[in-house]
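Structure provided below as structure tokens; questions to follow.
The values are calculated or read from the model by the stated rules, or taken from the named source; none is laboratory data. Only a predicted model underlies this, so the values are computations on that prediction, with no experimental measurement involved. Note that each Cβ is placed from the backbone with ideal geometry, even for glycine, and that neighbours are counted across all protein chains shown. Remember, those area values only see protein heavy atoms, side chains included, never the ligands or the DNA or RNA. Shrake-Rupley method; radii C 1.70, N 1.55, O 1.52, S 1.80 Å.
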Amino acid sequence: MNASVMKSHTAPPFFQGEKWLVYTGLLGFLLAALCAIWVMLYGGSVAPNGDVSKAFSFNAALGIFLLSTAAIIPLSALGARSRAFFRWSYILLAFYSYGAETVQNFRGVDPRFVKNGTPFDVAVGSIFTFVALLLVLFYVFIAIQFFRRKAYELRPELAVGIRYAMLAIMLSFAAGLWISFNDGRVVGQEGNIIWLHGIGFHALQAVPFVAWLAERKKHVSNARTGFIHLAGIAYLLGLAAIGWQTYLGRAVLEMSVFPILAAGCFLVAFFPIVFFLLQKNDTKKLYDTSDIPN
């Protein structure tokens, strides 16, 4: 049996070799929990411009993002040195991001948009902006790996799903830059860029999950891939609708054409999950390696 067939009969190596990136992601949940306790006891606002509830959401979101990234990195077909370079660079950048977001909000300072701050606050904010750009650049590097043939040959279905997730993440990063250039998340009267920024990142859980389910089922290969494309394209169209609604300066939750279109797209994107979960589970046969020679 050739190597590609052998790989298709083995469980995906999620998180393999990424212990420290996982721990860094879990740190985000710990910090988020501490912030949540503070908010429940004392409220979120900290004079003059801090908001611990923002630190809560940031730490939790970064933690989820790091854990999801740790899960897929072994599927990138990167060499050991390149993986180590990405891993430790991202861990250091994450530590700074956790610290700046949490400490500054507790001090009453908005770490991104410093107003009437001390030179220390300005320096922290400036470095935070630089760190955010590095987070984007390093992730572009890792995203490119999944569009290479080596990653596709390793796990075809998962590679396709992750590719769509990476495109969605690039939209999220673009939304983050939009927030920076806009000097805040508010656009027009009711537009809020944070919706596009946040929902885009969740593609990293949603679309690869569809691909993982597809890989586990004994359907025709083209049909499995088609469901992955359906989920990925629908998710991207949903993000596009949210982005346009925000650009118009209108609320994402209002009853109008683009929010309804976005909701419909996301329902279509999640349809393959429901479909696959309702199918008979054939994981035992798919990952059975008893007939693979040593």
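Grab the Cα-Cα distance for LEU177 and VAL103, subtract it from 0.36 nm times how many residues apart they are, and report the gain in nm with one decimal.
Numbers: separation 74, 0.36 × 74 = 26.64 nm, distance 2.25 nm.
Taking LEU177 through VAL103 to full extension adds about 24.4 nm, to one decimal.
Accessible area per residue, 1.4 Å probe, Å², for segment 14-151: what's the number?
Values: 6980 Å² over 138 residues.
On a per-residue basis, 51 Å².
Continuing with the same structure: Of all the accessible heavy-atom surface of segment 1-92, with the other protein chains kept in place and a 1.4 Å probe, what percent is carbon and sulfur?
Values: 3290 of 4700 Å².
That fraction is 70 percent.
Nearest 500 deg cm²/dmol is fine: what mean residue ellipticity at 222 nm does the chain get from its DSSP H runs of n ≥ 4 alone, each adding -39,500 (n - 2.57), divided by its residue count? Write out the running numbers ahead of the final one.
Numbers: 12 runs with 213 residues, N = 294.
Dividing the helical sum by the residues of the chain leaves -24500 deg cm²/dmol.
Just to confirm, what accessible area per residue do you get for segment 155-278 at 1.4 Å probe, in whole Å²? Mind dumping the intermediate values first?
Values: 5740 Å² over 124 residues.
For segment 155-278, the per-residue accessible area is 46 Å².
Can you tell me how much longer the chain between PHE15 and SER126 gets when fully stretched, taken as 0.36 nm per residue apart minus their C-alpha distance, in nm with one decimal? Walk me through the intermediate numbers first.
Working: separation 111, 0.36 × 111 = 39.96 nm, distance 3.27 nm.
Separation in residues times 0.36 nm, less the Cα-Cα distance, equals 36.7 nm.
Right, something else. Would you work out what percent of the accessible area of segment 155-278, with all protein chains in place, is carbon or sulfur (probe 1.4 Å)?
Details: 4120 of 5740 Å².
Roughly 72 percent, rounded to a whole number.
How many nm separate the modelled label positions at ILE91 and SER45, each set 7 Å beyond the Cα in the direction of the Cβ?
According to this spin-label approximation, the distance is 4.0 nm.
Helix hunt in the chain: which complete DSSP H runs extend at least 24 Å axially by C-alpha with mean Kyte-Doolittle at least 0.5?
19-42, 52-72, 119-145, 156-182, 221-247, 257-278
Count of lysine pairs in the chain with Cα atoms under 18 Å apart, counting only pairs 8 or more residues apart in sequence or on different chains?
12
When ranked by the protection proxy of mean other Cβ atoms within 10 Å per residue, highest first, what sequence do the peptides 69-78, 89-98, 254-263 form?
On the way: 69-78: 21.6, 89-98: 17.6, 254-263: 14.6.
Ranked by mean Cβ neighbours within 10 Å, highest first: 69-78, 89-98, 254-263.
State, to one decimal in nm, how far the label point of PHE138 lies from the label point of LEU267, with both points 7 Å from Cα in the Cβ direction.
Result: 4.0 nm between the two label points.
Excluding ALA84 itself, calculate the net charge of residues whose Cβ lies under 14 Å from the Cβ of ALA84, where each Lys or Arg counts +1 and each Asp or Glu counts -1.
Every neighbour counted, the sum reads +3.
Could you give the semi-axes, largest first, of the ellipsoid that matches segment 1-150, computed as the square roots of 5 times the alpha carbon gyration tensor eigenvalues and rounded to whole Å? Spell out each step's value before the answer.
Details: eigenvalues 262, 60, 19 Å².
Semi-axes from the Cα gyration tensor: 36, 17, 10 Å.
Would you mind calculating the relative contact order of the chain from Cα pairs under 8 angstrom and at least 6 residues apart, reporting the percent as a whole number?
Values: 408 pairs, mean separation 51.9, N = 294.
Computed over the chain, the figure is 18 percent.
For segment 155-278, what is the convex hull (Cα atoms) projected area averaged across all directions, in square nanometres?
Numbers: hull surface 29.4 nm².
Projected over every direction and averaged, the Cα hull of segment 155-278 covers 7.4 nm².
Okay, moving on. Between HIS229 and LEU30, what is the label-point separation in nm under the 7 Å Cα-to-beta-carbon projection?
Result: 4.5 nm between the two label points.
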